[in-house]
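The values are calculated or read from the model by the stated rules, or taken from the named source; none is laboratory data. Keep in mind that this is a model prediction, so the values were computed, not measured. Ideal geometry is used to build each Cβ from the backbone, glycine not excepted, and the neighbour counts take in all protein chains shown. Surface accessibility is based on the protein's heavy atoms, side chains included, excluding ligands, DNA and RNA. Shrake-Rupley method; radii C 1.70, N 1.55, O 1.52, S 1.80 Å.
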Amino acid sequence: LFVDERVAFCAHKIGYAELLRQSTAARVRFDPEAAEKARREEADGRCFDVHTGDISPAGTVPVAGVLDLPDALDLEDALSQRAAEHKDLGSEESLNVRRAQALGDLARGQSTLDYEKPSRQVVVHLHGDTVFGNPDANVGRCDNTRSPLLAETIREWCDNPNATIIVKPIRDLSDHIHVAAYEVPDRLKEQDALVDLHCVFPWCTKPAKGCDIDHAVPYDDGGPTCSCNTAPECRGHHRLKTHGGWTCEVLDRGTYLWRSPHGHRYLRDHTGTQALDDPHRRRP
(Lines give C-alpha, C1' and ligand atoms only; values in the text may rest on other atoms or scores of the structure.)
Protein backbone atom coordinates (compact mmCIF):
# COMPACT_ATOMS: atom_id res chain seq x y z
CA LEU A 1 0.00 0.00 0.00
CA PHE A 2 2.84 2.37 0.87
CA VAL A 3 4.53 1.80 -2.49
CA ASP A 4 1.22 2.03 -4.38
CA GLU A 5 0.45 5.39 -2.80
CA ARG A 6 3.87 6.74 -3.74
CA VAL A 7 4.02 5.59 -7.36
CA ALA A 8 0.45 5.04 -8.63
CA PHE A 9 0.09 8.56 -10.01
CA CYS A 10 3.38 8.38 -11.93
CA ALA A 11 3.82 4.64 -12.52
CA HIS A 12 3.82 5.17 -16.30
CA LYS A 13 6.90 7.41 -16.03
CA ILE A 14 9.20 5.59 -13.62
CA GLY A 15 11.51 2.70 -14.39
CA TYR A 16 12.29 -0.58 -12.70
CA ALA A 17 15.24 0.86 -10.75
CA GLU A 18 13.10 3.52 -9.03
CA LEU A 19 10.33 1.01 -8.30
CA LEU A 20 12.92 -1.28 -6.72
CA ARG A 21 14.23 1.59 -4.56
CA GLN A 22 10.71 2.38 -3.35
CA SER A 23 10.03 -1.30 -2.56
CA THR A 24 13.32 -1.61 -0.69
CA ALA A 25 12.57 1.52 1.31
CA ALA A 26 9.16 0.11 2.23
CA ARG A 27 10.67 -3.16 3.47
CA VAL A 28 13.21 -1.30 5.57
CA ARG A 29 10.64 1.08 7.04
CA PHE A 30 7.91 -1.40 7.89
CA ASP A 31 10.00 -4.43 8.82
CA PRO A 32 13.07 -2.96 10.53
CA GLU A 33 13.89 -6.20 12.38
CA ALA A 34 14.22 -8.16 9.15
CA ALA A 35 16.15 -5.28 7.59
CA GLU A 36 18.63 -5.22 10.48
CA LYS A 37 19.05 -9.01 10.28
CA ALA A 38 19.75 -8.75 6.54
CA ARG A 39 22.22 -5.92 7.18
CA ARG A 40 24.21 -8.05 9.62
CA GLU A 41 24.20 -11.02 7.26
CA GLU A 42 25.38 -8.90 4.34
CA ALA A 43 28.06 -7.29 6.50
CA ASP A 44 29.37 -10.76 7.34
CA GLY A 45 29.56 -11.45 3.61
CA ARG A 46 32.19 -8.79 2.94
CA CYS A 47 35.26 -10.36 1.37
CA PHE A 48 38.02 -9.92 -1.16
CA ASP A 49 39.44 -12.99 -2.85
CA VAL A 50 42.55 -13.33 -5.01
CA HIS A 51 42.27 -16.64 -6.86
CA THR A 52 45.96 -17.46 -7.19
CA GLY A 53 45.09 -21.08 -7.84
CA ASP A 54 43.34 -20.14 -11.09
CA ILE A 55 46.37 -18.73 -12.88
CA SER A 56 46.05 -18.68 -16.67
CA PRO A 57 48.77 -19.56 -19.18
CA ALA A 58 49.15 -15.81 -19.74
CA GLY A 59 49.92 -15.35 -16.04
CA THR A 60 46.71 -13.61 -15.00
CA VAL A 61 44.43 -14.47 -12.07
CA PRO A 62 40.86 -13.39 -11.29
CA VAL A 63 39.96 -11.36 -8.21
CA ALA A 64 36.52 -10.67 -6.74
CA GLY A 65 35.09 -9.07 -3.63
CA VAL A 66 32.23 -7.46 -1.77
CA LEU A 67 33.02 -4.14 -0.05
CA ASP A 68 31.31 -1.41 1.94
CA LEU A 69 30.32 1.42 -0.39
CA PRO A 70 32.77 3.96 1.16
CA ASP A 71 35.64 1.49 0.73
CA ALA A 72 34.54 0.76 -2.84
CA LEU A 73 34.38 4.47 -3.68
CA ASP A 74 37.85 5.05 -2.19
CA LEU A 75 39.22 2.13 -4.19
CA GLU A 76 37.57 3.41 -7.36
CA ASP A 77 39.09 6.88 -6.85
CA ALA A 78 42.54 5.38 -6.20
CA LEU A 79 42.41 3.17 -9.29
CA SER A 80 41.15 5.98 -11.50
CA GLN A 81 43.85 8.34 -10.26
CA ARG A 82 46.67 5.85 -10.67
CA ALA A 83 45.43 4.69 -14.10
CA ALA A 84 45.41 8.33 -15.25
CA GLU A 85 48.98 8.72 -13.98
CA HIS A 86 50.06 5.69 -16.01
CA LYS A 87 48.60 7.36 -19.12
CA ASP A 88 50.34 10.65 -18.35
CA LEU A 89 53.62 8.73 -18.05
CA GLY A 90 53.19 7.41 -21.59
CA SER A 91 51.36 4.11 -21.17
CA GLU A 92 49.48 3.08 -24.31
CA GLU A 93 47.58 0.27 -22.61
CA SER A 94 43.78 0.30 -22.47
CA LEU A 95 42.01 1.81 -19.48
CA ASN A 96 41.11 -1.66 -18.17
CA VAL A 97 44.72 -2.76 -18.29
CA ARG A 98 45.94 0.43 -16.60
CA ARG A 99 43.38 -0.05 -13.81
CA ALA A 100 44.62 -3.61 -13.27
CA GLN A 101 48.19 -2.34 -13.13
CA ALA A 102 47.09 0.39 -10.71
CA LEU A 103 45.76 -2.24 -8.30
CA GLY A 104 49.18 -3.87 -8.27
CA ASP A 105 50.77 -0.47 -7.60
CA LEU A 106 48.45 0.05 -4.65
CA ALA A 107 49.36 -3.37 -3.26
CA ARG A 108 53.05 -2.40 -3.37
CA GLY A 109 52.39 1.04 -1.91
CA GLN A 110 53.35 2.76 -5.16
CA SER A 111 50.79 5.51 -5.15
CA THR A 112 50.50 9.22 -4.70
CA LEU A 113 47.97 8.57 -1.94
CA ASP A 114 49.03 9.15 1.65
CA TYR A 115 49.01 5.70 3.28
CA GLU A 116 50.09 7.07 6.65
CA LYS A 117 46.97 9.14 7.11
CA PRO A 118 44.15 7.61 5.09
CA SER A 119 40.87 9.49 5.24
CA ARG A 120 37.26 8.58 4.54
CA GLN A 121 34.96 11.53 3.96
CA VAL A 122 31.35 11.00 4.96
CA VAL A 123 28.94 13.83 4.13
CA VAL A 124 25.63 13.62 6.02
CA HIS A 125 22.64 15.73 4.96
CA LEU A 126 20.03 16.19 7.69
CA HIS A 127 16.40 16.60 6.67
CA GLY A 128 13.57 17.74 8.86
CA ASP A 129 10.93 15.21 7.80
CA THR A 130 10.07 12.08 9.80
CA VAL A 131 9.83 8.57 8.44
CA PHE A 132 6.30 7.82 7.23
CA GLY A 133 4.66 4.81 8.80
CA ASN A 134 7.44 3.80 11.20
CA PRO A 135 9.56 6.56 12.74
CA ASP A 136 11.76 3.98 14.49
CA ALA A 137 13.06 2.53 11.21
CA ASN A 138 15.32 5.53 10.56
CA VAL A 139 15.86 5.20 6.83
CA GLY A 140 18.51 7.27 5.10
CA ARG A 141 19.46 7.53 1.45
CA CYS A 142 22.78 7.07 -0.28
CA ASP A 143 23.51 10.16 -2.35
CA ASN A 144 25.69 8.21 -4.78
CA THR A 145 23.10 5.62 -5.77
CA ARG A 146 19.78 7.08 -4.45
CA SER A 147 19.32 3.77 -2.58
CA PRO A 148 17.70 3.56 0.88
CA LEU A 149 20.07 2.84 3.77
CA LEU A 150 19.59 1.75 7.35
CA ALA A 151 20.68 4.33 9.91
CA GLU A 152 22.89 1.67 11.52
CA THR A 153 24.83 1.34 8.26
CA ILE A 154 25.46 5.08 8.24
CA ARG A 155 26.55 4.93 11.89
CA GLU A 156 29.10 2.24 11.08
CA TRP A 157 30.53 4.25 8.19
CA CYS A 158 30.88 7.29 10.43
CA ASP A 159 32.41 5.19 13.21
CA ASN A 160 35.50 4.47 11.11
CA PRO A 161 38.47 6.01 13.00
CA ASN A 162 39.79 7.48 9.76
CA ALA A 163 36.50 9.06 8.75
CA THR A 164 36.14 12.79 8.23
CA ILE A 165 32.48 13.47 8.98
CA ILE A 166 30.83 16.54 7.49
CA VAL A 167 27.32 17.14 8.80
CA LYS A 168 25.28 19.48 6.64
CA PRO A 169 22.63 21.58 8.41
CA ILE A 170 18.95 20.98 7.91
CA ARG A 171 17.98 22.68 4.65
CA ASP A 172 14.65 24.28 3.87
CA LEU A 173 14.42 23.27 0.22
CA SER A 174 11.58 25.75 -0.31
CA ASP A 175 13.79 28.64 0.81
CA HIS A 176 14.52 31.19 -1.92
CA ILE A 177 18.21 31.97 -2.44
CA HIS A 178 19.13 34.99 -4.56
CA VAL A 179 22.47 36.58 -5.31
CA ALA A 180 23.28 39.63 -7.42
CA ALA A 181 26.00 37.93 -9.47
CA TYR A 182 26.44 35.43 -12.31
CA GLU A 183 28.43 32.93 -10.23
CA VAL A 184 26.27 30.36 -8.42
CA PRO A 185 27.20 30.12 -4.71
CA ASP A 186 27.76 26.76 -3.07
CA ARG A 187 24.60 26.99 -0.96
CA LEU A 188 22.48 27.41 -4.11
CA LYS A 189 24.32 24.57 -5.91
CA GLU A 190 23.64 22.31 -2.93
CA GLN A 191 19.98 23.30 -2.78
CA ASP A 192 19.50 22.66 -6.51
CA ALA A 193 21.15 19.23 -6.21
CA LEU A 194 18.96 18.24 -3.24
CA VAL A 195 15.77 19.41 -4.96
CA ASP A 196 16.29 17.90 -8.42
CA LEU A 197 18.64 14.95 -7.70
CA HIS A 198 19.43 14.56 -11.43
CA CYS A 199 20.08 16.59 -14.57
CA VAL A 200 16.71 18.16 -15.40
CA PHE A 201 16.90 17.58 -19.16
CA PRO A 202 14.15 15.21 -20.38
CA TRP A 203 14.86 11.62 -19.36
CA CYS A 204 18.42 12.30 -18.22
CA THR A 205 19.52 10.41 -15.10
CA LYS A 206 22.96 11.97 -14.57
CA PRO A 207 23.29 12.65 -10.80
CA ALA A 208 22.97 16.34 -10.00
CA LYS A 209 26.12 16.24 -7.90
CA GLY A 210 28.25 16.01 -11.05
CA CYS A 211 26.25 18.51 -13.11
CA ASP A 212 26.67 22.15 -14.05
CA ILE A 213 24.22 24.63 -12.55
CA ASP A 214 22.58 26.49 -15.40
CA HIS A 215 20.37 29.57 -15.61
CA ALA A 216 17.01 28.62 -17.15
CA VAL A 217 16.70 32.17 -18.45
CA PRO A 218 20.28 33.14 -19.41
CA TYR A 219 21.94 35.61 -17.10
CA ASP A 220 22.81 37.86 -20.06
CA ASP A 221 19.09 38.00 -20.92
CA GLY A 222 18.16 39.17 -17.45
CA GLY A 223 17.78 35.80 -15.78
CA PRO A 224 18.54 36.03 -12.04
CA THR A 225 20.89 33.77 -10.11
CA CYS A 226 18.32 32.37 -7.72
CA SER A 227 16.40 29.27 -6.68
CA CYS A 228 13.65 29.90 -9.22
CA ASN A 229 15.98 30.21 -12.23
CA THR A 230 18.77 27.68 -11.73
CA ALA A 231 18.87 23.91 -12.14
CA PRO A 232 21.44 21.12 -12.58
CA GLU A 233 22.26 20.04 -16.13
CA CYS A 234 24.92 17.58 -17.20
CA ARG A 235 27.66 19.05 -19.39
CA GLY A 236 26.29 17.60 -22.62
CA HIS A 237 22.73 18.83 -22.09
CA HIS A 238 23.99 22.16 -20.77
CA ARG A 239 25.80 22.66 -24.09
CA LEU A 240 22.75 21.45 -26.00
CA LYS A 241 20.61 24.07 -24.31
CA THR A 242 23.20 26.80 -24.82
CA HIS A 243 24.06 26.04 -28.44
CA GLY A 244 21.42 23.61 -29.73
CA GLY A 245 18.24 25.66 -29.65
CA TRP A 246 16.60 24.02 -26.62
CA THR A 247 14.82 26.23 -24.08
CA CYS A 248 13.83 25.56 -20.48
CA GLU A 249 11.10 27.28 -18.47
CA VAL A 250 10.78 26.84 -14.70
CA LEU A 251 7.09 26.28 -13.93
CA ASP A 252 7.62 25.59 -10.23
CA ARG A 253 10.46 24.50 -7.96
CA GLY A 254 11.62 21.23 -9.50
CA THR A 255 9.22 21.39 -12.47
CA TYR A 256 10.52 22.34 -15.92
CA LEU A 257 9.01 22.79 -19.35
CA TRP A 258 11.46 22.03 -22.15
CA ARG A 259 11.01 22.95 -25.82
CA SER A 260 13.08 21.39 -28.56
CA PRO A 261 14.31 23.31 -31.62
CA HIS A 262 11.37 21.74 -33.51
CA GLY A 263 8.83 22.97 -30.96
CA HIS A 264 8.16 19.70 -29.15
CA ARG A 265 7.42 20.13 -25.43
CA TYR A 266 8.53 17.96 -22.53
CA LEU A 267 7.51 18.29 -18.87
CA ARG A 268 10.20 17.23 -16.39
CA ASP A 269 9.55 16.99 -12.65
CA HIS A 270 10.44 14.70 -9.73
CA THR A 271 8.26 11.93 -11.17
CA GLY A 272 10.10 11.80 -14.50
CA THR A 273 9.50 13.12 -18.01
CA GLN A 274 6.31 13.44 -20.03
CA ALA A 275 6.14 14.27 -23.74
CA LEU A 276 3.25 16.75 -23.91
CA ASP A 277 2.68 16.86 -27.67
CA ASP A 278 2.87 13.13 -28.40
CA PRO A 279 3.10 10.66 -25.48
CA HIS A 280 4.59 8.06 -27.87
CA ARG A 281 7.31 10.34 -29.18
CA ARG A 282 10.79 8.87 -28.99
CA ARG A 283 13.19 10.32 -26.47
CA PRO A 284 15.36 13.19 -27.75
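Details
- Residues of the stretch 68-108 that are hydrophobic (A, V, I, L, M, F, W, C), modelled with pLDDT of 90 or more and within 30 Å of LEU150 (Cα to Cα): ALA72, LEU75, ALA78, LEU79.
- Complete set of residues in the stretch 238-256 that are without any contact (Cβ under 8 Å) to a residue 60 or more places away in the chain and not in a strand (DSSP E or B): HIS238, ARG239, LEU240, LYS241, THR242, HIS243, GLY244, GLY245, TRP246, GLY254
- Condition met for GLY263 (among the small types (Gly, Ala, Ser) and part of a loop (DSSP other than H, G, I, E, B)): yes
- Every residue from the stretch 39-67 that is open to solvent by less than 70 Å² (accessible area, probe 1.4 Å), in contact with a strand residue (DSSP E or B) (Cβ under 9 Å, 6 or more places away or on another chain) and under 20 Å from ALA151 (Cβ atoms): ARG39
- Meets criteria (more than 15 Å from the chain's Cα centre (by Cα), under 21 Å from CYS142 (Cβ atoms) and surrounded by fewer than 18 Cβ atoms within 10 Å (Cβ to Cβ)) for GLY254: yes
- Odd one out for PHE30 among (1) open to solvent by less than 70 Å² (accessible area, probe 1.4 Å); (2) farther than 30 Å from PRO202 by Cβ; (3) touching a residue at least 24 places away in the same chain (Cβ under 8 Å): (1)
- Residues of the stretch 199-209 that are more than 8 Å from the chain's Cα centre (by Cα) and not β-branched (Val, Ile, Thr): CYS199, PHE201, PRO202, TRP203, CYS204.
- Filter pass, PRO185 being at pLDDT below 80 and of a type outside the set (S, T, N, Q): no
- Restricting the stretch 145-182 to residues that are of a type in the set (S, T, N, Q) and surrounded by 12 or more Cβ atoms within 10 Å (Cβ to Cβ), the residue that is modelled with the highest pLDDT is THR153.
To keep it simple, each residue is scored yes or no on (1) of a type in the set (Phe, Trp, Tyr); (2) more than 30 Å from GLU156 (Cα to Cα); (3) in contact with a strand residue (DSSP E or B) (Cβ under 8 Å, 6 or more places away or on another chain); (4) open to solvent by less than 80 Å² (accessible area, probe 1.4 Å).
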{"position": "VAL3", "(1), (2), (3), (4)": "no, no, no, yes"}
{"position": "HIS12", "(1), (2), (3), (4)": "no, yes, no, no"}
{"position": "SER23", "(1), (2), (3), (4)": "no, no, no, yes"}
{"position": "ASP74", "(1), (2), (3), (4)": "no, no, yes, yes"}
{"position": "SER94", "(1), (2), (3), (4)": "no, yes, no, yes"}
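- Among residues of the stretch 257-274, those that are surrounded by 15 or more Cβ atoms within 10 Å (Cβ to Cβ) and without any contact (Cβ under 8 Å) to a residue 40 or more places away in the chain, counted: 7
- Filtering the stretch 129-144 to residues that are under 20 Å from ASP31 (Cβ atoms), in a loop (DSSP other than H, G, I, E, B) and either open to solvent by 50 Å² or more (accessible area, probe 1.4 Å) or modelled with pLDDT of 80 or more (or both) leaves THR130, PHE132, GLY133, PRO135, ASP136, ASN138.
- Flag if THR273 is touching a helix residue (DSSP H, G or I) at 6+ places or on another chain (Cβ under 9 Å) and either within 24 Å of GLU18 (Cα to Cα) or outside any helix (DSSP H, G or I) (or both): no
- Index of the failed condition, PRO232 passing every other in (1) open to solvent by 50 Å² or more (accessible area, probe 1.4 Å); (2) touching a Cys at 6+ places or on another chain (Cβ under 9 Å); (3) modelled with pLDDT of 90 or more: (1)
- GLY223 meets the conditions (1) part of a loop (DSSP other than H, G, I, E, B); (2) within 24 Å of ILE14 (Cα to Cα) in every case but one. The failed one is (2).
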